[in-house]
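Let me begin by presenting the structure, written as structure tokens, before commenting on it.
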Amino acid sequence: MRRGMKTALVGVAAAAAVFPAGASAEERKCRGTIGTATVDNLRVPQGATCKLNGTKVKGTVKVERAATLDAYRVRVIGNVQGENARSVTVRGGSRVGGSVQVKQGGQAKVQSSFINADILFDHDRGPLAIRDNVVGGNVQGFQNRGGFEISRNRIDGNLQCKENSPRPVGGGNRVQGNKEDQCARLAARRSQ
């Protein structure tokens, strides 16, 4: 009986090594710079600054309270999310498979990048910019207070802006969907 119990315990231990309890993708904290590495999920901890240069993220990037993200030429399979972040920047030919969402933060910029889903800036206080991007979904800006530029984007969904002060500026956006509220005048005229 003792030998059978030992064999069973070895089998359970081997299974636990292959299938750990609560198995999930690993999360890497970023303070400082990460270059051309590949990570599962990435988190910029509260108050930290993270620079990504050519990094591949197989999951999601989360930017916490008072943290700063500067992402250059990154590949993110999931989303880039900032809540109460100091600054979120995605630029330089970056590719995001999901959305870029910055809420109740400071400044944010998405420039010269490919965003497969949406870009949302909501209740942010600092300067905002969405320039020279290809966006597969919607571009939305709601109740932002630090100034907002939306210029020269190709937007496959809707362009929607409400209750921003000051009103968004820019133009030259090619929009497949609806152009609504404060952003209605920021779309390029279609040639017939």
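Taken together, the values in this text are just the output of simple stated rules run on the coordinates, not laboratory data. Worth saying up front: this structure is predicted, and the values here are computed from it rather than measured. No Cβ is skipped: glycine too gets one built from the backbone with ideal geometry, and neighbour counts run over all protein chains shown.
Okay, here's what the table says:
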item: So Asp122, is it touching a Phe, Trp or Tyr at 6+ places or on another chain (Cβ under 6 Å) and farther than 19 Å from Gln46 by Cα; result: yes
item: Tally, over the range 173-186, of residues that are under 24 Å from Asn79 (Cα atoms), among the polar types (S, T, N, Q) and crowded, with 17+ Cβ neighbours inside 10 Å; result: 1
item: Lone qualifier among Val90, Val63, Val80 - being under 16 Å from Gln107 (Cβ atoms), touching a Phe, Trp or Tyr at 6+ places or on another chain (Cβ under 9 Å) and not polar (S, T, N, Q); result: Val90
item: Long-range neighbours under 7 Å by Cβ, at least six apart or interchain, first residue at positive phi within the range 69-86, second surrounded by 24 or more Cβ atoms within 10 Å (Cβ to Cβ); result: Arg73/Ser94; Asn84/Gly105
item: Listing of strands (runs of 3 or more DSSP E) fully contained in the range 105-172 that carry 2 or more residues being touching a strand residue (DSSP E or B) at 6+ places or on another chain (Cβ under 7 Å), crowded, with 16+ Cβ neighbours inside 10 Å and without any contact (Cβ under 8 Å) to a residue 40 or more places away in the chain; result: 107-111, 119-122, 128-131, 139-142, 148-151, 159-162
item: Residue among Gly93, Gly97 that alone is out of contact with any Ser or Thr (no Cβ under 9 Å at 6 or more places or on another chain), small (Gly, Ala, Ser) and under 26 Å from Val57 (Cα atoms); result: Gly97
